[in-house]
1. Looking at LEU37, LEU33 in this structure, which one is among the aliphatic types (A, V, I, L, M) and either closer than 20 Å to THR195 by Cβ or assigned to a loop (DSSP other than H, G, I, E, B) (or both)?
2. Please go through the range 208-233 and pick out each residue that is of a type in the set (Gly, Ala, Ser), out of contact with any Gly (no Cβ under 6 Å at 6 or more places or on another chain) and closer than 19 Å to ILE74 by Cβ.
3. Could you tell me whether SER253 is modelled with pLDDT under 95 and farther than 30 Å from ASN80 by Cα?
4. Go through the range 33-63 residue by residue and tally those that are under 13 Å from ASN214 (Cβ atoms) and among the aliphatic types (A, V, I, L, M).
5. Looking at (1) modelled with pLDDT of 95 or more; (2) within 22 Å of the chain's Cα centre (by Cα); (3) aliphatic (A, V, I, L, M), which one does ALA207 not meet, given that it meets all the others?
6. Enumerate the pairs (first residue in the range 239-267 and closer than 21 Å to TYR168 by Cβ and touching a residue at least 40 places away in the same chain (Cβ under 8 Å); second residue anywhere and surrounded by fewer than 11 Cβ atoms within 10 Å (Cβ to Cβ) and not hydroxyl-bearing (Ser, Thr, Tyr)) with beta-carbon separation below 7 Å, excluding pairs fewer than 6 apart on the same chain, so at least 6 apart or on different chains.
7. Can you tell me which residue among GLY68, GLY110, GLY83, GLY79 is surrounded by 19 or more Cβ atoms within 10 Å (Cβ to Cβ), over 18 Å from the mean Cα position of the chain (by Cα) and at positive phi?
8. Just for strands (runs of 3 or more DSSP E) wholly inside the range 161-269: which have at least 2 residues that are on the phi < 0 side of the Ramachandran plot and crowded, with 20+ Cβ neighbours inside 10 Å?
Amino acid sequence: MANFEKMLVAFFIFAIAPSIVLVDATFSDSMYLTWGLQHASLQADNLSLVLDQNSGSAAQTKIPYLFGSFESRIKLVPGNSAGTVTAYYLSSTGNKHDEIDFEFLGNISGQPYIIHTNVFTQGNGSREQQFYPWFDPTADFHNYTIHWNPTEIVWYVDSIPIRVFRNYQSAGIAYPNQQGMSLYTSLWNADGWATRGGLVKINWSGAPFIARYNQFRARACPFNGPASINQCAANIPSNWWTSPLYKQLGYASLGQLNWVRSNYMIYDYCKDTKRFNGQLPPECYKQQF
């Protein structure tokens with residue numbers, strides 16, 4: 001009888017699981033504006049965020065998620081974007097929040113953007129890695145994807161992995177897998193730190209600054225409280241993110257990752273021994289990929 005009950009439970013989870021995955025929703029289906037409403041424009045197929053001297057602007061998803069893939073096509077602020085930051089990230093709420101970041105740090109004309117990534121677990125961050133893009137991110141739309149599952153987090157740019165953060169909870173290293181996170185995006189004034197540590201300020205004569213988006217997909221598991229934790233992590237076919245294919249990067253993807261890290265990485269917290277007084281965070285001694 002016990003085995004029969006287990007089979008019944010498994011069948012029930014499998015039967016309801018397809019309804020918990022959101023696929024190909026439009027901006028207006030998935031998101032709403034949170035501030036700077038007088039600046040931003042959110043329509044079915046596109047989103048525009050605006051920054052001027054009065055305000056920036058932001059949007060977020062209507063619901064939180066636990067695991068899945070979150071992608072958007074973004075064209076960043078062109079020209080002299082120094083001091084501006086376009087953020088695209090997952091975050092829970094509260095003092096001990098989890099967070100997975102893409103932040104695009106603007107620069108003066110002719111200088112490259114910086115792709116800034118970070119991970120927070122239980123309110124603790126300080127896991128930054130930064131990259132130069134290998135293209136002009138203001139000339140056209142490019143795909144930025146956060147893939148998050150119980151095994152690892154992967155940041156992709158145009159389907160090329162640029163960073164991996166693996167789950168080493170068994171070794172006492174915190175991993176974001178207990179809190180639902182919403183997807184947020186914003187364009188804001190960060191000239192206190194964004195460009196050369198805050199030395200280069202925003203040139204407001206170039207305002208308004210505009211970041212444009214023309215696609216958003218959240219193929220992910222909606223989070224409805226603690227009961228969702230086991231449901232979203234269940235190793236069942238409809239939870240595609242838990243399949244063996246997504247537990248670790250394949251050979252070709254590892255080659256792409258190493259190409260990016262060798263040619264375009266400009267900062268890695270796991271190499272900053274001075275910052276951590278010679279005692280690097282424990283995950284830095286683990287296999288990263």
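The values are calculated or read from the model by the stated rules, or taken from the named source; none is laboratory data. Just so you know, these numbers come straight off a predicted model, no measurement behind them. Here Cβ is always computed from backbone atoms with ideal geometry, including for glycine, and neighbour counts include all displayed protein chains.
1. LEU37
2. Residues of the range 208-233 of a type in the set (Gly, Ala, Ser): 211, 218, 220, 225, 227-228, 233.
Still in the list and also out of contact with any Gly (no Cβ under 6 Å at 6 or more places or on another chain): 211, 218, 225, 227-228, 233.
Across the range 208-233, the qualifying residues are ALA211, ALA218.
3. Considered against the rule, which asks whether it is modelled with pLDDT under 95 and farther than 30 Å from ASN80 by Cα, SER253 comes out as no.
4. Adding up the residues that qualify gives 4.
5. (2) is the only condition that ALA207 fails.
6. Close Cβ pairs (under 7 Å, with a partner that is surrounded by fewer than 11 Cβ atoms within 10 Å (Cβ to Cβ) and not hydroxyl-bearing (Ser, Thr, Tyr)) amount to THR242/ASN235.
7. Selected residue: GLY83, the only one of GLY68, GLY110, GLY83, GLY79 that is surrounded by 19 or more Cβ atoms within 10 Å (Cβ to Cβ), over 18 Å from the mean Cα position of the chain (by Cα) and at positive phi.
8. Result: 182-189, 209-222.
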